[in-house]
1. If I filter the stretch 72-83 for residues that are closer than 12 Å to Ile9 by Cα and either at pLDDT below 85 or among the hydrophobic types (A, V, I, L, M, F, W, C) (or both), do I get at least one hit?
2. Please specify each residue of the stretch 8-25 satisfying the condition of being more than 17 Å from Ile70 (Cβ to Cβ) and small (Gly, Ala, Ser).
3. Could you check, for the stretch 49-56, whether at least one of its residues is modelled with pLDDT under 75 and part of a helix (DSSP H, G or I)?
4. Tell me, please, whether a residue that is at pLDDT 80 or above and open to solvent by 40 Å² or more (accessible area, probe 1.4 Å) can be found in the stretch 4-11.
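The values are calculated or read from the model by the stated rules, or taken from the named source; none is laboratory data. Since the model is a prediction, treat every value here as computed from it, not as a measurement. When we count neighbours, we look across all protein chains shown, and the Cβ atoms used for this are built from the backbone with ideal geometry, even at glycine. The accessibility values were calculated without ligands, DNA or RNA, using every heavy atom of the protein model including side chains. Shrake-Rupley method; radii C 1.70, N 1.55, O 1.52, S 1.80 Å.
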Amino acid sequence: MSIIAWILIGLLAGFIAKALMPGKDPGGIIITMLIGIAGGLLGGWLGKVIFGVDSIDGFFDLSTWIAAIIGSVILLAVYRLVTGNKRHHRHA
């Protein structure tokens with residue numbers, strides 16, 4: 001797939017991850033998009049390592065989207081853990 005396809009998948013996967021995990025995130029839409037792009041790559045890598053499948057077959061393959069969304073959810077959760085701790089320390 002081309003880099004433009006990865007960016008598009010990442011943007012949509014980040015949006016879906018945000019919908020699955022609503023809440024306030026510092027950084028707004030830009031950070032969510034970057035998390036989505038990185039999450040797509042993470043999901044593809046995890047699919048290959050854990051399950052031994054090529055989860056990045058093509059733009060319209062369901063496995064590509066599932067991997068991207070799962071990767072985005074994982075990264076969004078990690079991002080919230082990291083930034084959430086900093087926000088609590090400022091207000092304490």
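1. Scanning the stretch 72-83 turns up no residue that is closer than 12 Å to Ile9 by Cα and either at pLDDT below 85 or among the hydrophobic types (A, V, I, L, M, F, W, C) (or both).
2. Across the stretch 8-25, the qualifying residue is only Gly23.
3. So in the stretch 49-56, the residues modelled with pLDDT under 75 come out as 51-56.
Remaining after also requiring part of a helix (DSSP H, G or I): 51.
Yes.
4. Looking for residues that are at pLDDT 80 or above and open to solvent by 40 Å² or more (accessible area, probe 1.4 Å), one finds at least one in the stretch 4-11, hence yes.
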